[in-house]
Amino acid sequence: MPGIVSVKTPPEAPSLRVSVPAEVNGRVGSSSERSELVNPKPNSPAPRRPPSPSPSTSRAKPSPDRSTGKKKSPPEKVVIDESSLDNPDLGPFLLKLARDTIASGEGPNKALDYALRAAKSFEKCAVEGEPSLDLAMSLHVVAAIYCSLARFEEAIPVLETAIKVPDVGKGADHALAAFSGYMQLGDTHSMLGQLDRSIECYKDGLKIQMEALGDTDPRVAETCRYLAEAHVQAMQFDEAENLCKKTLEIHRVHSPPASLEEAADRRLMALICEAKGDYEAALEHLVLASMAMIANAQENEVAAIDVSIGNIYLSLSRFDEAVFSYQKALTVFKSSKGDNHPSVASVFVRLADLYYKTGKLRESRSYCENALRIYAKPVPGTTAEEIACGLTEISAIYELFNEPEEALKLLLKAMKLLEDKPGQQSTIAGIEARMGVMFYMVGRYEEAHSSFENAVAKLRAGGERKSAFFGVVLNQMGLSSVQLFKIDEAAELFEEARQILEQECGPCHQDTLGVYSNLAATYDALGRVEDAIEILEYVLKLREEKLGTANPDFDDEKKRLAELLKEAGKSRNKKAKSLENLIDPTSKTTKKETSRKWSAFGFRS
């Protein structure tokens with residue numbers, strides 16, 4: 001189900017670290033020494049196949065130390081001695097102590113103590129009316145330490161304070177400090193699964209950076225790509241495409257031909273094009289990216305691109321070329337990483353999908369089993385996110401094998417792997433939605449409804465309440481509500497799904513038409529016959545005027561409408577009304593006085 005991931009930035013890009021600037025002449029470092037905080041670049045997520053409805057890993061962000069499985073004890077309350085903090089030399093000294101504590105590995109709690117006291121000292125010593133960059137810097141460090149402790153909620157108010165400290169009009173140092181704060185705040189929101197807030201922070205940071213550096217600075221290109229990746233994660237592909245085009249334009253000017261930066265841009269653009277169904281354009285970008293990686297002797301990256309090229313060929317039903325691309329990648333991964341590396345398993349999964357689609361079920365199952373053996377005994381360094389993604393993809397193939405119980409087991413394992421991982425709410429929501437579908441298929445409607453309910457709650461909290469995927473999940477939850485005879489709830493879910501899908505996909509899209517049909521059936525069950533008739537007349541008008549009448553659904557819907565009109569003693573109105581004001585919570589509903597049987601026409605998933 002949902003969850004689209006982005007491509008890797010160049011491998012040398014550093015992850016965001018808890019870093020404290022060095023002292024310069026008794027003060028906290030200059031703007032050049034703030035570069036790590038000015039332009040934070042956590043690693044982007046690994047390439048995955050986006051268009052298929054399966055969950056995937058979130059954009060990689062700084063993660064806490066989870067080397068032990070023990071539950072963290074509550075942090076000790078930091079006691080700050082107020083009496084000595086008005087010494088102007090104390091803030092830089094405490095910040096240096098925080099840096100040294102982190103470097104020595106003594107643990108983040110003691111570093112947090114020093115950083116909090118440093119921030120308090122800078123605040124007390126600041127000249128009234130004059131913004132203090134030292135205070136902003138110390139707050140950034142405090143927030144970074146909170147994040148390393150997985151205390152993201154506590155980091156957010158610290159960063160919200162930090163971004164108010166600099167005065168952007170006072171020069172580049174202040175602008176870059178504000179930019180750093182917005183990007184760090186965006187990362188923190190992302191770790192909490194709040195993609196909408198995260199994107200808004202990145203946008204604010206980009207705006208400040210462009211005003212300070214100009215529209216064509218290479219550092220602006222990096223931020224544009226970073227924001228584009230966030231839009232991809234939120235499945236906002238048009239916005240992502242515009243930003244990615246801008247990034248490519250900047251790199252054409254400032255980077256040599258076939259640069260690593262251009263290759264990363266093209267891989268992201270290919271991902272966007274594939275998600276939008278423009279496979280030929282995606283293939284073109286991937287071929288150019290592969291040529292750039294070959295020129296830079298990036299063998300493993302070339303293999304990763306070969307997997308993506310294989311995915312495009314598979315989508316185009318060019319199966320022989322897809323097999324060739326996958327086998328090329330498999331050879332490289334085995335020779336460079338070993339036979340039991342998750343990269344090898346990921347290619348096995350792609351081959352399993354391909355062989356299923358070509359009718360070679362025995363080979364498909366064999367590749368699934370080989371991949372599962374690798375995931376069962378992962379090599380050191382394998383992340384939980386990689387294993388969870390692989391299990392989710394294999395579950396989709398077992399679903400095609402008509403083995404929903406086995407698919408459910410794999411999805412449950414994947415969800416357990418991600419439960420304590422920050423920034424994975426969207427991915428977990430996708431898995432829960434998939435589990436809901438599986439439960440529904442095997443007739444376990446209570447569990448299906450519970451899974452959909454959990455997924456919807458996470459998607460709402462993560463800001464994905466306007467995505468087409470969210471509309472599809474609402475429709476599925478509505479179907480489970482129908483099976484549990486919660487008809488009023490089903491109607492509300494179908495109404496919300498209709499509004500979203502009309503906006504995101506248009507009224508003629510199959511998903512939207514399916515919701516119309518389900519909504520009409522629900523209105524009929526509630527006795528709102530007039531509303532049901534009006535929806536069906538509108539759907540038939542759409543099919544007759546725009547989609548054609550060859551679709552078998554047309555005859556089915558025509559029969560349904562005829563039954564309702566006969567029951568209501570009316571004839572069909574060829575001039576269907578607009579649906580603009582149809583679903584109004586204040587509108588009067590037509591209810592039957594007598595009891596009636598359940599509607600004869602069915603529901604569509």
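The values are calculated or read from the model by the stated rules, or taken from the named source; none is laboratory data. Not measured: the values here are computed from a predicted model. Glycine also receives a Cβ, built like all others from the backbone with ideal geometry; neighbour counts cover every protein chain displayed. Note: accessible area is taken over every heavy atom of the protein model, side chains too, but ligands, DNA and RNA are not part of it. Shrake-Rupley method; radii C 1.70, N 1.55, O 1.52, S 1.80 Å.
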* Asked: Residues in the stretch 390-416 near a label at Val442, defined as backbone nitrogen under 13 Å from the 7 Å Cα→Cβ point?
  -> 399, 402-413
* To do: Give the accessible surface of the stretch 375-418 per residue, rounded to a whole number of Å², with probe radius 1.4 Å and ligands, DNA and RNA excluded.
  => 45
* What spacing in nm lies between the two simple spin-label points modelled at Val127 and Phe319, each 7 Å away from Cα in the Cβ direction? -> 7.6
* Charge tally in the Cβ shell below 9 Å around His231, where Lys, Arg are +1 and Asp, Glu are -1, His231 excluded -> -4
* Can you work out ³J(HN,Hα) from phi for every residue in the stretch 169-177, in order, using Karplus 6.51 cos²θ - 1.76 cosθ + 1.60 and θ = phi - 60°, giving whole Hz and x for Gly and Pro? -> x, 8, x, 5, 4, 5, 4, 6, 5
* Structure fact -> Between Val379 and Arg465, Cβ-based FRET efficiency (R0 51 Å, step 0.05) works out to 0.85
* **Integer Hz, Karplus 6.51/-1.76/1.60 couplings in order for the stretch 493-510, x for Gly and Pro** => 5, 5, 5, 5, 4, 4, 4, 5, 5, 4, 6, 8, 10, x, x, 8, 5, 4
* Long pairs among Lys124/Lys207; Lys203/Lys413; Lys276/Lys334; Lys203/Lys421, criterion Cα-Cα beyond 28 Å -> Lys124/Lys207; Lys203/Lys413; Lys276/Lys334
* Structure fact -> Computed from the beta carbon distance with a Förster radius of 22 Å, FRET efficiency for Phe485 and Glu403 to the nearest 0.05 stands at 0.15
* Asked: For the stretch 325-341, in order, what is each residue's ³J(HN,Hα) by Karplus, 6.51 cos²θ - 1.76 cosθ + 1.60 with θ = phi - 60°, in whole Hz (x at glycine and Pro)?
  -> 5, 5, 5, 4, 5, 4, 4, 5, 4, 5, 6, 9, 10, x, 5, 10, 7
* To do: For the stretch 215-297, give the magnitude of the charge dipole about the Cα centre (Cβ charges: +1 Lys/Arg, -1 Asp/Glu; no others), in debye to the nearest 20.
  => 180
* Asked: Modelled label-to-label distance, Asn370 and Glu419, 7 Å Cα→beta-carbon offset: nm?
  -> 3.3
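Given the Cα-Cα distance of Gln503 and Glu299 and 0.36 nm per residue of separation, how much length would full extension add, in nm?
Gain in length upon complete extension: 69.1 nm.
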* Mean separation of Cα contacts under 8 Å (6+ apart) over length of the stretch 82-214, as relative contact order % -> 17
